[in-house]
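Inspection log for the structure reproduced underneath, given as structure tokens.
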2 protein chains.
Amino acid sequence: MAAPKDPRPCSIADALAIVGEKYSLLVLREVCLGNGRFDQLVRNIGAPRDVLATRLRRLVDAGVLTKRAYSERPQRFEYRPTQAGLELEPVLMTLKEWGDRHLRNGTDLPMVVEHICGNELIPVVTCRSCGAPVRHEDLTAHPQAEGWTVSGPTAA
Amino acid sequence: MAAPKDPRPCSIADALAIVGEKYSLLVLREVCLGNGRFDQLVRNIGAPRDVLATRLRRLVDAGVLTKRAYSERPQRFEYRPTQAGLELEPVLMTLKEWGDRHLRNGTDLPMVVEHICGNELIPVVTCRSCGAPVRHEDLTAHPQAEGWTVSGPTAA
DNA sequence: TCCGTGAGTTGGAAAATCAAACCCTCCCCT
DNA sequence: AGGGGAGGGTTTGATTTTCCAACTCACGGA
């Protein structure tokens with residue numbers, strides 16, 4: 001039986017255990033932008049240097065980033081996203097879109113991302129099977145482990 | 001000019017200021033699942049009660065959740081997502097998909113979400129204009145404020 | 001009256017964050 | 001040969017957060 005204090009098993013929680021600490025996703029943002037050097041990260045993110053050092057170690061350990069020298073003598077390093085890291089970029093873009101819309105009314109955006117198709121990227125999360133945009137009302141959750149439930153369908 | 005210690009203006013950072021604290025996105029997960037009562041949240045998330053209370057206040061203030069009584073006498077409350085909250089669900093689903101794939105090899109998933117189309121939901125982030133899946137190589141960032149740069153195109 | 005449930009609040013110890021200063025290695029300039 | 005950066009961190013000490021357990025308060029039921 002579920003002992004007191006064991007949370008729902010969940011990939012969202014697992015993912016957040018990797019990239020959910022303060023600044024981690026901002027590190028990923030900068031690294032995806034190509035700004036992977038320590039001092040760039042400090043400046044662009046505004047994080048304390050020691051915290052940043054900790055986050056970078058963790059993200060490298062987790063396989064989201066790699067650390068590579070872009071110069072021996074003097075040794076200088078740069079962090080880059082791994083494949084797994086790059087595949088988090090859609091999460092960032094989706095979060096950006098939410099922020100653009102809900103926190104800035106979609107105007108005065110501090111950053112615009114252009115898609116290769118020539119238009120501004122406005123990400124839409126869709127169902128791979130049917131291609132429709134994902135809406136809450138269209139989803140049904142099925143926990144696979146026993147003891148974990150979801151409360152009935154979304155009432156009004 | 002950019003004073004020392006002002007970070008890049010960015011909707012991702014702004015969004016994370018709302019939902020980026022520890023447990024906040026897990027609260028949203030549970031609330032989207034319909035488990036919006038305080039004790040359910042404590043149990044399913046595994047967060048300390050006081051921290052949870054703080055998070056809930058913040059999320060309500062930010063307009064992501066609402067608190068409503070589902071019973072007067074005895075007073076009992078339930079948290080529900082607002083429209084803005086519901087629109088964060090795609091972020092959660094995208095994060096879940098990343099976790100499923102990178103942290104569990106896509107097997108033994110603790111939770112499966114079914115789309116109304118009848119298939120398992122596997123979210124894909126696409127470009128609204130052209131419909132293509134978002135890939136890092138297809139993106140170009142354009143900061144709109146002066147002083148902020150991105151370092152050249154993604155090298156190999 | 002006593003017990004249990006829901007929804008928190010309180011108190012104190014443990015851990016994480018922050019800012020500033022420091023360190024080390026190298027390069028360049030004179 | 002000396003001085004001054006730059007880059008990439010680490011150290012130190014004060015401030016905040018977290019964490020956990022215990023406590024509260026308002027009911028409702030046996």
Review point. So which residues in the stretch B:134-153 are more than 7 Å from every other protein chain (Cβ to nearest Cβ) and either touching a Leu at 6+ places or on another chain (Cβ under 9 Å) or open to solvent by 70 Å² or more (accessible area, probe 1.4 Å) (or both)?
Key: B:135, B:137, B:146, B:147, B:149, B:153
Practice item. From (1) within 16 Å of DNA strand C (Cβ to nearest atom); (2) open to solvent by 60 Å² or more (accessible area, probe 1.4 Å); (3) in contact with a strand residue (DSSP E or B) (Cβ under 8 Å, 6 or more places away or on another chain), pick out the condition that doesn't hold for residue B:114. Key: (1)
Review point. If we scan the stretch A:64-87, do we find a residue that is facing chain B (nearest Cβ under 7 Å), at pLDDT 95 or above and open to solvent by less than 30 Å² (accessible area, probe 1.4 Å)?
Key: yes
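Would it be correct to say that residue B:92 is more than 8 Å from chain A (Cβ to nearest Cβ) and either open to solvent by less than 20 Å² (accessible area, probe 1.4 Å) or within 30 Å of residue B:133 (Cβ to Cβ) (or both)?
So residue B:92 does not fit the description; no.
So that you can scan it fast, the table gives a plain yes or no per residue for (1) touching a His at 6+ places or on another chain (Cβ under 8 Å); (2) closer than 21 Å to residue A:141 by Cα:
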residue	(1), (2)
B:85	no, yes
B:97	no, yes
B:108	no, yes
B:120	no, yes
B:125	no, yes
B:132	yes, no
B:141	no, no
Practice item. Take the residues in the stretch B:54-63 that are touching a residue at least 12 places away in the same chain (Cβ under 8 Å) and open to solvent by 10 Å² or more (accessible area, probe 1.4 Å), then tell me which one is nearest to DNA strand D (Cβ to nearest atom). Key: B:55
Review point. Restricting the stretch A:35-52 to residues that are open to solvent by less than 30 Å² (accessible area, probe 1.4 Å) and free of Cβ contacts under 8 Å to residues at least 24 places away in the same chain, which is farthest from residue B:24 (Cα to Cα)?
Key: A:35
Study note, to complete from the structure: Counted residues in the stretch B:98-111 being part of a loop (DSSP other than H, G, I, E, B) and open to solvent by less than 70 Å² (accessible area, probe 1.4 Å) come to 4
Review point. Looking at (1) open to solvent by less than 50 Å² (accessible area, probe 1.4 Å); (2) over 18 Å from residue B:86 (Cβ atoms); (3) assigned to a loop (DSSP other than H, G, I, E, B), which is the one condition that is false for residue A:130?
Key: (1)
Exercise for review: Considering (1) more than 7 Å from chain A (Cβ to nearest Cβ); (2) within 16 Å of DNA strand C (Cβ to nearest atom); (3) within 30 Å of residue A:86 (Cα to Cα), say which one residue B:97 fails and leave the rest.
Suggested key: (2)
Review point. What about residue B:18, is it crowded, with 22+ Cβ neighbours inside 10 Å, of a type outside the set (D, E, K, R) and at the interface with chain A (Cβ under 8 Å from one of its Cβ atoms)?
Key: no
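The values are calculated or read from the model by the stated rules, or taken from the named source; none is laboratory data. For clarity, every value in this text was computed on a predicted model and none was experimentally measured. Positions of Cβ are generated from backbone atoms using ideal geometry, with glycine treated the same way; all protein chains shown enter the neighbour counts. Side chains included, ligands, DNA and RNA excluded: accessible areas come from the protein's heavy atoms. Shrake-Rupley method; radii C 1.70, N 1.55, O 1.52, S 1.80 Å.
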